[in-house]
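Asks: One structure is given below, represented as structure tokens, and several questions about it will come after.
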Amino acid sequence: MSAAPSRANTSGDRGQRVVTQESPAVRRTLIGISVVFLVTFLFLPLAAIFAEALKGGSKAWLIGLADPAAWSAIKLTLLVAAIAVPLNLVFGLAASWAIGKFDFIGRNLLLTLIDLPFAVSPVISGLVYVLLYGAHGWFGPWLQSENIQIIFAVPGIVLATIFVTFPFVAREVIPLMQEQGTEEEEAAITLGASGWQTFWHVTLPNVKWALLYGVILCNARAIGEFGAVSVVSGHIRGKTNTMPLHIEILYNEYNFAAAFAVASVLALLALVTLAAKAAVERSSQRAPESAQAEAGLLVTELSGEPVA
């Protein structure tokens, strides 16, 4: 009888890995390829950024960041992310709830539209906003008559960033909500729970880690977005330049010290994002137990009896 691949007993231990029967040579080859890829395309570029940023010493690095235009770019980047990410959080949760819990006409169309930013170049999405809100766009004359400026201003940057980042939250939560179905919500409603109680104690605990994971990915893309923002910003130094745009301008001006100083800040934000992502992944391993605890708490509140 041929030996079947042995698997870890997952009935009582969720965290155990599947044991495979690949030879040591295959395992070492796969690990070697992964390490070479990471070193070549991740660790070396990151190390080069920090090495160039600190090449002239910490004083030169601080001078590059102390420039008013650099500081303005940093503040604008954080402002745009602070606006775009919460809006995408609300949209992603609402869209996920609608698609995962209800059947309605246009459901598949909504799913397709959510994936649209993945299929469209960010530059094209920026041009769309120029065609809509630019001086010669569809709404341009009316906006000018009302003294409202969207293109080459902060509102246009926010709109472009929202467009390229809105799939991230929804795409992390939708599959989880579809997998979970509606049985737990229906049970809570049967017990007399209100819509808010059902959402807070049943739906949200089941998806909170996926939701947070999507927010982290959305924030990372919002901070680093270049193409769409480049089209709608106008590259006005000190006003509409985000960090990626400001880095490009400094590099094209051969101001390498300042360019790499700002790039190092962007890289640090990326590393913070990776750390947050790893923390969420570790915490999500306890998600089933915490979700069951929240559901049990709701049952206790509604029935007045402890859950067995």
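Asks: Looking at the stretch 84-98, can you tell me whether even one residue there is without any contact (Cβ under 8 Å) to a residue 60 or more places away in the chain and within 30 Å of Ala261 (Cβ to Cβ)?
Replies: Taking the stretch 84-98 first, the residues without any contact (Cβ under 8 Å) to a residue 60 or more places away in the chain are 86, 90, 94, 98.
Subset that is within 30 Å of Ala261 (Cβ to Cβ): 86.
Yes, there is a match, as at least one residue in the stretch 84-98 is without any contact (Cβ under 8 Å) to a residue 60 or more places away in the chain and within 30 Å of Ala261 (Cβ to Cβ).
Asks: Output the number of residues of the stretch 152-162 satisfying the condition of being touching a helix residue (DSSP H, G or I) at 6+ places or on another chain (Cβ under 6 Å) and more than 10 Å from Val229 (Cα to Cα).
Replies: Start the filter on the stretch 152-162 by keeping residues that are touching a helix residue (DSSP H, G or I) at 6+ places or on another chain (Cβ under 6 Å), which leaves 156-162.
Subset that is more than 10 Å from Val229 (Cα to Cα): 162.
Within the stretch 152-162, residues that are touching a helix residue (DSSP H, G or I) at 6+ places or on another chain (Cβ under 6 Å) and more than 10 Å from Val229 (Cα to Cα) number 1.
Asks: Only one of (1) modelled with pLDDT of 90 or more; (2) under 27 Å from Cys218 (Cβ atoms); (3) among the small types (Gly, Ala, Ser) is not met by Ala258, so which one is it?
Replies: Looking at each condition in turn, Ala258 falls short on (2).
Asks: I would also like to ask the following. How many residues are hydroxyl-bearing (Ser, Thr, Tyr) and touching a residue at least 12 places away in the same chain (Cβ under 8 Å) when one looks only at the stretch 138-180?
Replies: 2
Asks: Answer with yes or no whether Ala188 is more than 15 Å from Val80 (Cα to Cα), in contact with a helix residue (DSSP H, G or I) (Cβ under 7 Å, 6 or more places away or on another chain) and surrounded by 18 or more Cβ atoms within 10 Å (Cβ to Cβ).
Replies: When the stated conditions are applied, Ala188 passes them.
Asks: Got at least one residue in the stretch 39-55 being at pLDDT 90 or above, closer than 30 Å to Ile189 by Cβ and either of a type in the set (Lys, Arg) or in a helix (DSSP H, G or I) (or both)?
Replies: no
Asks: Name the single residue, out of those in the stretch 263-285 being surrounded by 13 or more Cβ atoms within 10 Å (Cβ to Cβ) and either polar (S, T, N, Q) or not in a helix (DSSP H, G or I) (or both), that is modelled with the highest pLDDT.
Replies: Ser264
Asks: Then there's this: Just checking, which of Ala69, Ala94, Ala60, Ala73 is in contact with a Lys or Arg (Cβ under 7 Å, 6 or more places away or on another chain) and at negative phi?
Replies: Ala69
Yes or no, residue by residue, for (1) under 27 Å from the mean Cα position of the chain (by Cα); (2) modelled with pLDDT of 90 or more; (3) under 30 Å from Leu204 (Cα atoms):
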{"residue": "Asp13", "(1), (2), (3)": "no, no, yes"}
{"residue": "Ser23", "(1), (2), (3)": "no, no, no"}
{"residue": "Gly32", "(1), (2), (3)": "no, yes, no"}
{"residue": "Ala60", "(1), (2), (3)": "no, no, no"}
{"residue": "Leu89", "(1), (2), (3)": "yes, yes, yes"}
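The values are calculated or read from the model by the stated rules, or taken from the named source; none is laboratory data. On a predicted model such as this, the values are computed, not experimentally measured, just so you know. Cβ coordinates were reconstructed from backbone atoms using ideal geometry, including for glycine residues, and neighbour counts include every protein chain displayed.
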